[in-house]
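Asks: I'd like to ask some things about the structure below.
The values are calculated or read from the model by the stated rules, or taken from the named source; none is laboratory data. Quick caveat: nothing in here was measured; it's all calculated off a predicted structure. In this analysis, Cβ positions are derived from the backbone assuming ideal geometry, glycine residues included, and neighbour counts consider all displayed protein chains.
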Amino acid sequence: MATWTRAPIRNTSPKGAVGQIVCLVLGGVLIQFSLAQFATARSAASWPTVDGRLDSWSIATHTSRGRRGRSGSTSYAIAAQYHFKVEGREYKGDRYCMTEDSCWFRSSAEAIYVRNKLGGECEVHYDPADPSKCCLDPSAGSQTWWLFGAGLVLVGLGSMIFLPRAK
């Protein structure tokens, strides 16, 4: 008759199990969200393009409130208004990037702002099934990559909590 033995476990405390579950779930959610964003960007990159005209363009600053009313993080949203024609019908758009609405650094937003001149032509990517779904930049932004990396780190940490301890 065979006997069963249990593998040594590094951390059997309830706190360790909760920490592992939190890391794995949160990491999995971040990875899933970023993969969905990558798929959206890949889809938008395959959309046809048309020349449009940039009507308005600005950088809006958003500061979130931290604990006890202190200032929290600041992000910089790119507010773009443009119009374009598809098969003779005019459409308006307001989305700069398909996957993100803001930048973490003002310098990133300013670099995008400098590349696009107000009243000038812009290349608009549009969904052929619904041209009202459109954007100027179909790529996955840096925030999507950061979320993917953070998800991988959390899944890695969650996986390492219960690894056997080397003796």
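Asks: Can you tell me how many residues in the range 135-153 are part of a helix (DSSP H, G or I), in contact with a strand residue (DSSP E or B) (Cβ under 9 Å, 6 or more places away or on another chain) and surrounded by 15 or more Cβ atoms within 10 Å (Cβ to Cβ)?
Replies: Adding up the residues that qualify gives 1.
Asks: For the list (1) β-branched (Val, Ile, Thr); (2) modelled with pLDDT of 90 or more; (3) over 24 Å from residue 126 (Cβ atoms), I need the number of the one condition that residue 49 fails.
Replies: Unmet condition: (3).
Asks: Looking at the range 121-157, which of the residues that are at pLDDT below 85 and of a type in the set (Gly, Ala, Ser) is farthest from residue 27 (Cα to Cα)?
Replies: 139
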